[in-house]
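Student: Quick one: this structure, given as structure tokens, is what I'll be asking you about.
Coordinate-derived values only; no laboratory data. Since the model is a prediction, treat every value here as computed from it, not as a measurement. Neighbour counts run over all protein chains shown; Cβ positions are idealised from the backbone, glycine included.
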Amino acid sequence: MTSKKTVKPPDNSWTRWVGLGAQFAGAIGFGLWLGNWLDGRMSKSTPLFIWLLPLLLIAVLLYQLIKATAKRNDGEKTDDL
């Protein structure tokens with residue numbers, strides 16, 4: 001029997017951050033669209049959802065970013081992203 005060696009792909013850590021930027025842009029755009037749609041359906045004079053949904057999505061994505069880049073107590077970086 002021959003043992004197969006696993007080939008490690010090259011370290012493209014910059015692609016992780018480009019993907020995260022695209023995720024931010026997409027989430028904000030989706031939040032704006034959904035907020036506008038909900039405000040239109042509810043016929044409110046104050047555009048509540050168009051403000052709240054993007055802010056909520058930004059908070060969630062910032063939490064994910066901090067969690068993914070935070071160091072563990074033992075000094076090892078996490079790889080959750």
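Student: Given labels modelled 7 Å from the Cα in the Cβ direction, how far is it in nm from Ser13 to Asn36?
Tutor: Using points 7 Å along Cα→Cβ, the separation is 3.8 nm.
Student: Still on this structure: If I stretch the segment between Thr6 and Ala70 completely, what's the gain in nm (0.36 nm per residue apart, minus their alpha carbon distance), one decimal?
Tutor: 20.2 nm
Student: Next up: Can you give the net charge of the other residues whose Cβ lies under 15 Å from the Cβ of Phe49, counting K and R as +1 and D and E as -1?
Tutor: +1
Student: Can you work out the FRET efficiency for the pair Gln23 and Leu52, with r the C-beta to C-beta distance and R0 = 22 Å, to the nearest 0.05?
Tutor: Calculated value: 0.65.
Student: What distance in nm separates the two pseudo spin-label positions at Ser45 and Tyr63, each 7 Å out from Cα along the beta-carbon direction?
Tutor: 3.4 nm
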